[in-house]
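A short write-up of the structure that comes next.
The values are calculated or read from the model by the stated rules, or taken from the named source; none is laboratory data. Quick caveat, the model's predicted, so the values are computed rather than measured. Counting neighbours? That spans all protein chains shown, and the Cβs are built from the backbone with ideal geometry, glycine included. Note: accessible area is taken over every heavy atom of the protein model, side chains too, but ligands, DNA and RNA are not part of it. Shrake-Rupley method; radii C 1.70, N 1.55, O 1.52, S 1.80 Å.
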Amino acid sequence: MKNSFYLVIPAQQNDPRRLKEFSSKALQQWITELPTANPGLATRLLYDFIKDCNSIEMDSQMRLDALEIVRPSVLIIEDYLRSRLIKSGFPKEDNDGKILDVLVSIEKEFSIGYWIVLKGLTRRNVSWFQGKNAALAIHRCIRGLSNIVINHFLMGMSIPDWVWIDLHSLYKLSVEIKKDRTKIVNGTNQSNKASTPEECYKQILLLSLADPTGLMQKEILLVYNFIETIHFLVNLKNEAVAGQQMQCIVSTDEDKPPHYQENMNAKNDLDALYIDFTRLIKNLQQKEKSISATDARFSSMYVPKNNSVKLSSELLDYLGQRWSGIDLQGTLFFSDRLDRYIAIGLDASFELQSSSEADAEKNLEFLAQSGSDQLLSCVFEKTGVLSVGSLVSFRKTDMPEHKRSLGIVNKIVVAKQSGKIDFGMQLLAQQSAAVTYRPVDASEKDELQKALLYTGNEHESEKIYIITDTCMLEGDIIHLFTQQEDFPVVLKNRKNVGLGYWQFEYQRITEREKPAHTKKGYDFI
């Protein structure tokens, strides 16, 4: 690997007088004085330091020691900035874009520092000691570039040019110098205490193959951590995997992520790697040990940073399909390529479908164009309104407001320049209706709760469901109010179908006839 396309080394100055600034003692003092209580200032100081360090000529060992001393502080800043990126949905605020730019700039400059070390060490035959440093530098470069990929996944944006080809080249270099399986100490916030360059490389490949456009932002980080615990079940090979219809191919001489291809169309390529998922798929089929029994995919689940990374059953099924080569498909609902009015959330959909006319000034609907047979495209005026898992109702522009279909957003893609959000959805119902309910033991003075009612799909059309924003109703009896009548029902088969939304199958209860009026005894006896 003679050059890096993305990690471009800046011109370096020969200034021996400044080298003392980067000694271990000076750096430890500088880190101690870093204003961690002011993240904005600390971020600026760290970025300026790393960029300055990359512009000064120094011994490889000194540079490597300096980078490793500063690294814990960089990881803290990375976690902080990344947490800012996932606080809200799409579209993102302008400030989020600025945070992304700063975060990527820090990670890029930090990776360039390790690349300077690596290039100096591999310019000639390396000794055993230098080889250990080379493995460390490769590991840190792959991890740094992986973080840049993850951050763009979090923002729903395409990966910058040359990042993938540099990742491929770094892995090939680790194989060439026989350091691909050298264990390197990780950061404190990772599941494994140590990992190899090959394991880091497999980790980002598998995350890309999970199709992050179909994951919630917090799921992207959760899945990345989960992969760290199961990557040993995946192997990289130099030839196609026997008996595997869909081949997963990494074109290491091209600037693109891994992709799936039919076995019959796969050509033997000396620069290609093949990912063998055989053991992983078998393991996922026996998923009891890997799932969290208490979490549903779209509930408010806690994302752990350390050990015991477990996923919901629904998310594990999602990953199994993606890693088997099955593309994420939305409902083929927009083949007519007509515009749609969309409303986001239960409250907006309920108001538009209720008997009273919706207030036009509330802007409950957005006009969206059909981007493809499966995707709608929209430029939203408000930020943070959409996420994978959002409940959406929609109608054709020539249909009345209450004639709405119901779906859950299952894919989000952000157009880099236009500001458009492309999104697909999984259809829940062709038509839904606004209803209200009250627990049977509640007072009539209690406020009625909102819900949407709909029938199942064509294979289970006899089943009727309601969707609510509470999960605490399974097995309960409620009084349901429609426009025509009201009656008691019992709710069962709870299912978390959307982000904060729960579907219940309901069964109507036959009310007992009231007894005929009978004469009462004398009240004075």
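Of LYS396/LYS420; LYS193/LYS411; LYS2/LYS218; LYS51/LYS132; LYS178/LYS202; LYS218/LYS396, which sit over 27 Å apart, Cα to Cα? Mind showing how you got there, number by number?
Values: LYS396/LYS420 20 Å; LYS193/LYS411 33 Å; LYS2/LYS218 37 Å; LYS51/LYS132 25 Å; LYS178/LYS202 17 Å; LYS218/LYS396 32 Å.
Where the Cα-Cα span goes over 27 Å, the pairs concerned are LYS193/LYS411; LYS2/LYS218; LYS218/LYS396.
Which net charge results when you count Lys and Arg as +1 and Asp and Glu as -1 among the other residues whose beta-carbon is under 13 Å from that of THR383? Don't jump to the answer; show the numbers that get you there.
Working: positive: LYS87, LYS92, LYS382; negative: GLU93, ASP94, ASP96, GLU381.
Taking every Cβ under 13 Å from that of THR383, the sum is -1.
Could you compute how fast the range 70-194 diffuses translationally, taking Rh as the Kirkwood radius over C-alpha pairs and applying Stokes-Einstein at 25 °C with viscosity 0.890 mPa s? Give it in µm² per second. Numbers along the way, then the final one.
Details: Rh = 15.6 Å.
Value of D from the Cα-based Kirkwood radius: 157 µm²/s.
Identify the trypsin sites (Lys or Arg not before Pro) of the range 145-200 meeting these criteria: DSSP loop state and at most 15 other C-beta atoms within 10 Å of the C-beta.
Numbers: sites: LYS172, LYS178, LYS179, ARG181, LYS183, LYS193; in loops: LYS178, LYS179, ARG181, LYS183, LYS193.
Here the trypsin sites (Lys or Arg not before Pro) that fit, given the DSSP loop and packing criteria, are LYS178, ARG181, LYS183, LYS193.
If the range 179-234 were replaced by its equivalent ellipsoid, with semi-axes equal to the square roots of 5 times the Cα gyration tensor eigenvalues, what would those be, largest first, whole Å?
Numbers: eigenvalues 87, 33, 13 Å².
In descending order, the three semi-axes are 21, 13, 8 Å.
Quote the charge dipole size of the chain about the Cα centre in Debye, to the nearest 20; the model charges only the Cβ of Lys and Arg (+1) and of Asp and Glu (-1). List each step's numbers first, then the result.
On the way: 63 positive and 68 negative charges, 383 e Å.
Using only the charged Cβ atoms, the result is roughly 1840 debye.
Note down the nm distance, to one decimal, between modelled labels 7 Å out along Cα→Cβ at ALA415 and at LYS20.
Taking the two extended label points, one gets 5.8 nm.
Can you tell me which of 217-224, 12-19, 440-447, 94-101 comes out highest on packing, and rank the rest after it, using the mean Cβ neighbours within 10 Å? Mind showing how you got there, number by number?
On the way: 217-224: 21.9, 12-19: 10.9, 440-447: 9.2, 94-101: 14.1.
Descending mean neighbour count gives 217-224, 94-101, 12-19, 440-447.
So, counting K/R as plus one and D/E as minus one, what does the shell of residues with Cβ under 9 Å around TYR274 add up to?
Values: positive: LYS237; negative: GLU239, ASP276.
Neighbour charge sum, excluding TYR274 itself: -1.
Regarding the chain, what's the average projected area of the Cα-atom convex hull, expressed in nm²? Don't jump to the answer; show the numbers that get you there.
Details: hull surface 138.4 nm².
Orientation-averaged projected area of the Cα hull: 34.6 nm².
Per residue of the chain, what 222 nm ellipticity follows from adding -39500 (n - 2.57) for every DSSP H run with n ≥ 4, rounded to the nearest 500? Walk me through the intermediate numbers first.
Details: 11 runs with 174 residues, N = 525.
Helix contribution divided over all residues of the chain: -11000 deg cm²/dmol.
Which number comes out as Rg/Rh for the range 370-506 once both Rg and the Kirkwood Rh are worked out on C-alpha atoms? Kindly include the intermediate steps, with their values, before the conclusion.
Numbers: Rg = 16.9 Å, Rh = 16.5 Å.
With Rh from the inverse mean 1/r over Cα pairs, Rg/Rh is 1.02.
Can you work out the PRE-style zone for ASP476? Point 7 Å along Cα to Cβ, and I want the residues of the range 414-436 with backbone N under 17 Å.
Answer for this model: 435-436.
Ignoring any ligand, DNA or RNA, what whole percent of the accessible area of the chain comes from carbon and sulfur when the probe is 1.4 angstrom? Show your work: numbers first, answer last.
Numbers: 13340 of 27030 Å².
That fraction is 49 percent.
So what are the radius of gyration and Dmax for the Cα set of the range 311-395, in Å?
According to the Cα coordinates of the range 311-395, Rg and Dmax are 15.7, 48 Å.
Counting only heavy atoms of the protein chains, get the accessible area per residue of the range 186-264 (1.4 Å probe) and round it to a whole Å² value.
Working: 2810 Å² over 79 residues.
With the other protein chains kept in place, the range 186-264 gives 36 Å² per residue.
Once phi is turned into ³J(HN,Hα) by the Karplus curve 6.51 cos²θ - 1.76 cosθ + 1.60 with θ = phi - 60°, what whole-Hz value does each residue of the range 75-86 show in order, with x for glycine and proline?
Rounded to whole hertz, the list is 4, 5, 5, 4, 4, 5, 5, 5, 5, 5, 6, 9.
Would you list which aspartates and glutamates come within 17 Å of LYS92, measuring only between C-alpha atoms, while excluding same-chain residues fewer than 8 positions from it?
ASP101, GLU381, ASP422
Setting aside same-chain residues fewer than 8 positions from LYS450, which lysines have a Cα under 21 Å from its Cα?
LYS362, LYS403, LYS463, LYS492, LYS495
If we count every other residue with Cβ under 14 angstrom of SER88's Cβ, Lys/Arg +1 and Asp/Glu -1, where does the sum land?
Working: positive: ARG82, ARG84, LYS87, LYS92, LYS218, LYS382; negative: GLU93, ASP94, ASP96.
In short, +3.
What trypsin sites (Lys or Arg not before Pro) does the range 377-415 have in DSSP loop regions with at most 15 other beta carbons within 10 Å? Before the final figure, lay out the partial values.
Numbers: sites: LYS382, ARG395, LYS396, LYS403, ARG404, LYS411; in loops: LYS382, LYS403, ARG404.
Passing both the DSSP loop test and the Cβ count: LYS382, LYS403.
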